[in-house]
Amino acid sequence: MVKKATKTTTKAPEKELKTTTSPTQNKSKSKSHPESIKKGHKVKSPLTENKNSINIDSDIVEVELEQQNSVQKATPSLDADLTEIYNQKLLEVEEKLKLKKTQIVQATTVLKKIVDDKFKNNFDLLARKEDEFVYLNFVFNKLPIRYSIRPTPVETPSGLYGKKYNTRVCIIVKDPRSDFKDLNIEFPFQTKVFDLEKLRLKYNRFNERRNLIKDFDLFICDSRVYKVLKRFLGKPFYDSKKYPVPLEFDYTNPEEIKKDITNLVDNRVIFYMTHGPNYSIKAARIVMETDEIVNNIINVSARTLSHILKWGVDIKE
């Protein structure tokens with residue numbers, strides 16, 4: 001584990017945002033903010049409700065507050081267009097969030113040296129420097145009014161996955177999987193196709209699901225089976241931040257399927273939102289060029305922050 005090397009802070013009277021970069025990520029669960037708990041926040045998590053079962057009806061989790069007026073004021077309407085809200089927040093973030101490039105370059109240089117020293121006398125044949133990531137951490141002093149556990153692709157200038165990094169992708173489709181295989185789609189990276197029946201028969205135990213998580217770098221699924229997968233995969237995939245990203249598969253257009261999957265793997269990182277107030281996302285690989293890491297950090301910071309803010313948290317000057 002390499003300790004955090006730098007911290008960039010943007011302060012505001014009502015909110016405080018901290019963005020830190022580190023080559024490794026602490027996998028421990030984020031704790032709710034104590035001040036928010038004292039104020040009467042009650043978080044309903046779909047991972048703990050109904051005896052640890054997962055709510056398959058919706059990805060949106062409501063946070064109950066004692067002051068109902070504040071909820072109505074701060075919460076976006078359920079009917080609101082989240083894409084439009086995201087675009088508005090992105091413009092706001094790009095205007096107010098100022099990250100100093102020189103500090104990010106200095107931090108990246110230090111992190112590269114730390115990782116180089118780590119691998120200099122490393123005799124672990126399975127360890128790869130390519131698997132060391134730079135993470136962005138976001139820390140708020142308030143919880144969002146509402147959040148979504150649905151995996152969110154975030155665009156990056158330089159991709160973190162693909163053939164260059166020997167990425168292994170698991171594609172989960174509706175039964176039978178032979179319908180998908182008959183499309184004869186050839187991807188530029190390693191892929192394996194599963195259907196629900198195979199998941200049910202081969203990965204119905206906890207240890208088997210955990211091994212499945214280790215076997216692949218990314219999981220993608222047909223949007224038609226996305227909600228059903230919560231019964232098959234469950235909590236371990238959320239904890240490891242590898243729950244499948246849903247995409248719409250049109251079997252009459254194989255080229256479009258290939259384009260969507262390839263674009264996701266080559267040009268996106270996946271953000272998994274929790275109830276906060278701490279959030280994290282992969283921004284780069286430590287083996288990337290310094291300019292690539294810096295550009296990724298700046299772009300991923302703004303886009304990820306905008307996804308968080310669209311759920312009812314505002315940045316005040």
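Readers should treat all values here as calculations from the given coordinates under stated rules, not as data from a laboratory. Note that the coordinates shown come from a computational prediction; the quantities given were computed from them, not determined experimentally. Ideal geometry is used to build each Cβ from the backbone, glycine not excepted, and the neighbour counts take in all protein chains shown.
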Stokes-Einstein, Kirkwood over Cα pairs, the stretch 173-312, 4 °C, 1.567 mPa s; D in µm²/s equals 76
Excluding residue 216 itself, calculate the net charge of residues whose Cβ lies under 10 Å from the Cβ of residue 216, where each Lys or Arg counts +1 and each Asp or Glu counts -1. +2
Pairs from 100/163; 112/227; 163/242; 163/282; 214/310; 120/258 whose Cα-Cα separation, in the structure shown, is over 29 Å: 100/163; 112/227; 214/310; 120/258
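Assign unit charges at the C-beta atoms only (+1 for Lys and Arg, -1 for Asp and Glu), then state the dipole size of the stretch 165-267 relative to its Cα centre in Debye, rounded to the nearest 20.
On the way: 21 positive and 17 negative charges, 166 e Å.
It works out to roughly 800 debye.
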In what sequence, highest mean first, do 176-182, 143-149 appear when ranked by Cβ atoms within 10 angstrom? 143-149, 176-182
